[in-house]
1. Between residue 35 and residue 128, what FRET efficiency follows from the Cβ-Cβ distance if R0 is 30 Å, with the result rounded to 0.05?
2. With a sphere of radius 14 Å drawn around the Cβ of residue 40, what net charge do the other residues whose Cβ falls strictly inside it have (Lys, Arg +1; Asp, Glu -1)?
3. Sort all Cα-Cα distances of the stretch 20-66 into consecutive 10 angstrom bins from zero, then give the percent of pairs in each bin up to the one containing the longest distance.
4. How many angstrom lie between the C-alpha centres of the stretch 11-69 and the stretch 120-166?
5. Which of 151, 96, 14 sits farthest toward the positive end of the charge dipole of the chain, with +1 on the Cβ of Lys and Arg and -1 on the Cβ of Asp and Glu?
6. Among 135, 173, 77, determine the one that fluctuates most according to a GNM of the chain built with springs between C-alpha atoms less than 10 Å apart.
7. Rounded if a/c is under 1.5, else prolate if a/b is larger than b/c, else oblate: which is the stretch 84-148, with a ≥ b ≥ c the root eigenvalues of its Cα gyration tensor?
8. Please work out the average accessible area per residue across the stretch 100-224, using the 1.4 Å probe convention, and give it in Å².
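The values are calculated or read from the model by the stated rules, or taken from the named source; none is laboratory data. Since the model is a prediction, treat every value here as computed from it, not as a measurement. Reconstructed Cβ throughout: ideal geometry from the backbone, glycine too, with neighbour counts over all protein chains shown. For the accessible areas, the whole protein counts, side chains as well, though only heavy atoms, and no ligand, DNA or RNA atoms are used. Shrake-Rupley method; radii C 1.70, N 1.55, O 1.52, S 1.80 Å.
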Amino acid sequence: MKKKNGVFRRRVAPLLVYWFYRLLRLTWRVSFDECPSFRAALESRQPVIMAHWHGDELALIHLVVRYRIATITSTSKDGELMDEVLRRLGAATARGSSTRGGANAMRGLITHCRRNGNNVSFAVDGPKGPIYKAKPGVFEFSRLMQAPIFAVSVGVSSPWIFRRAWNRAVLPKFFSRVHVRVAEGLPAVTRELDPRAPELAAQLEQLLNDGRQQVSAVVGCERP
């Protein structure tokens, strides 16, 4: 029985989730508000960091090809499922977390950026919260890669909200309007700055919270 459950989780479940997500995505009405410097960086293939809150990833992962995304996935069982789904959608991934394999995951992201021209997506309050509090990882990566950080927000007109999850993850329902905003964030963190500086976290948190208010107004649905 355990063997069958293991096969289902590793092979069948990711496939079911992938096809359900693809079907769901086909019904969404997606719009974009991308700042000019972000579009210029994409065109010139300069690496950028896309910072967002942890609960937004389900509304954003359909954009992995558009933005050439590489990201970190957890080493947990749920992370294994998400890793497989992301790869099927076209993302590059590195496995790890702040408590296990974090250094290897960071090296994997650097390789994706330098060798393959990927950009990096960071759920900045992950992997376990506290919610809406930026962790140092995104600033450490910015300093290593000398890559600017852009603040990404997503508004959903009709969301499923996973209220029991610590991150209050949001998945757009069928035929939702989804509005994605990529705004100016922070310049590349210089080598003289401490990635753990509270001022950096406070600036990024403010940018992301402001962005959430703006996208909520566009779609007419305020996030909890």
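1. Once rounded, the FRET efficiency stands at 0.50.
2. Once positives and negatives cancel, what remains is -1.
3. 18, 50, 29, 3
4. Answer, in whole Å: 13.
5. Final value for the positive-end residue is 14.
6. 77
7. Because a/c hits 1.5 or more and a/b fails to exceed b/c, the stretch 84-148 counts as oblate.
8. Accessible area per residue, the stretch 100-224: 50 Å².
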